[in-house]
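Chemist: Okay, handing you the structure first.
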Amino acid sequence: MNKPIKILLQTTIETTGNDWHIGRFSLLRELLAGLADADGRKLFDVTARDRASVGQADLVLSSLPQSDYDQVWLFAVDTGDGLHADDREGLSAFHRRGGGLMVTRDHMDLGCSICELDVIGAMHLFHSHNRAEGTPLPAPDDLGTPQILWPNFHSGANGDAQRITVAGAPHPVLHDAESDDGVLHYLPAHPHEGAVDAPAGAAQARVIATGVSQSTGKRFNLAVAVEPSAGHGPVIAQSTFHHFADYNWNPALGCPDFVSEAPGNSLATTPGALRSVHRYVGNVALWLAGRLDPATPFKLPGNA
């Protein structure tokens, strides 16, 4: 019998009440911990934590290659100092030994401590990092929060659902046997998402899902997948950690006081939207572990 897949949910900040600490991803943790296979067996063993003191190596991140974790979901919610050099080496070595990674950030330079991660760092484009030298800075997309500049794609209000588009052949993480066309259709919206792309020369990387700005009508990338290869595990790069935050799944759970935009509620009121998000989370976690089988779907909590 397969053992539960060991997942580390990890932020890049110390535990700070008025910020995006790991406690603000409690619904994600509970969902993963509650997922079961077709026979009712627990699929995941989940650990959720913030980093230790900024400015020194984090004991867990820096020792990941020697750990028994199968995958890491890294929420880069820092302003640039979230990863020590030893942490980056630990994450990169974990990836090189076949560990799966889901790495996400947010607008502008939020989370830019991930830039130097092997392979993964280049998939995230920031206001001041990872743009080709001499490339003009794109104009802001979100027009409602003028202090937040590109990348800041406006897919909707926190608490709303955004309709996504499958890019290319449907990737396994977008499979949904319960939908009419066999693919997922929704992710949570956010007023200013970051930018992700498949790096030039990365043959195993491709954009798998896109969204549309509600401000400008521009299409932008939501997720990039990197297939596993010799010496490297699979990767998902996600445009914003708000796809997984409690506040975006249920705004009643609250947010830091620096969030100024009014929330919406269409994720809860759009038929099938929240189920789509839950299915996506389970698909990603199983795919990162090499155990996603569309022919034998897992059970979502509450399903018969």
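Rule-based calculations on the coordinates, nothing more; no lab input. Not measured: the values here are computed from a predicted model. Every residue, glycine as well, gets a Cβ built from its backbone with ideal geometry; the counts of neighbours run over all protein chains shown.
Chemist: Using 1/(1 + (r/R0)^6) with R0 = 25 angstrom and r between the beta carbons of SER63 and ASP293, what's the FRET efficiency to the nearest 0.05?
Modeler: Calculated transfer efficiency: 0.20.
Chemist: With a ≥ b ≥ c taken as the square roots of the eigenvalues of the C-alpha gyration tensor of the chain, please select rounded if a/c is under 1.5 and otherwise prolate if a/b is larger than b/c or oblate if it is not?
Modeler: rounded
Chemist: If you don't mind, there's one more thing I want to ask. Output the DSSP H helices from the chain with an along-axis C-alpha extent of no less than 15 Å and a mean Kyte-Doolittle hydropathy no less than 0.5.
Modeler: Flagged H segments are 273-288.
Chemist: Further question: Testing the spin-label approximation: label points 7 Å from Cα along Cα→Cβ at SER53 and ASN2. State their distance in nm.
Modeler: Distance between the two pseudo-spin positions: 4.1 nm.
Chemist: What is region 1-102 by shape, rounded, prolate or oblate, if you read a ≥ b ≥ c off the alpha carbon gyration tensor as root eigenvalues and call it rounded for a/c under 1.5, prolate for a/b larger than b/c, and oblate otherwise?
Modeler: oblate
Chemist: Could you tell me which of rounded, prolate or oblate describes region 29-160, using a ≥ b ≥ c as the square roots of the eigenvalues of the alpha-carbon gyration tensor, with rounded for a/c under 1.5 and, failing that, prolate when a/b is larger than b/c and oblate otherwise?
Modeler: Oblate shape, in that a/c is at least 1.5 and b/c is the bigger or equal ratio.
Chemist: Stick to Cα atoms and the Kirkwood definition of Rh, then tell me Rg/Rh for region 78-140.
Modeler: Over the Cα atoms of region 78-140, Rg/Rh equals 1.00.
Chemist: While we're on this one: In the chain, once you exclude exposed GluC sites (Glu not before Pro) (DSSP loop, at most 14 other Cβ within 10 angstrom), what's the longest stretch remaining?
Modeler: It runs 1-132.
Chemist: Test of understanding: extend the Cα→C-beta vector of ALA132 to 7 Å, then name every residue of region 168-209 with backbone N under 11 Å from that spot.
Modeler: Only 200 fall inside the zone, counting backbone N under 11 Å.
Chemist: For LYS3, which lysines qualify as cross-link partners when the Cα separation must be under 23 Å and same-chain residues fewer than eight apart are set aside?
Modeler: Here the lysines satisfying the reach criterion relative to LYS3 are LYS42, LYS299.
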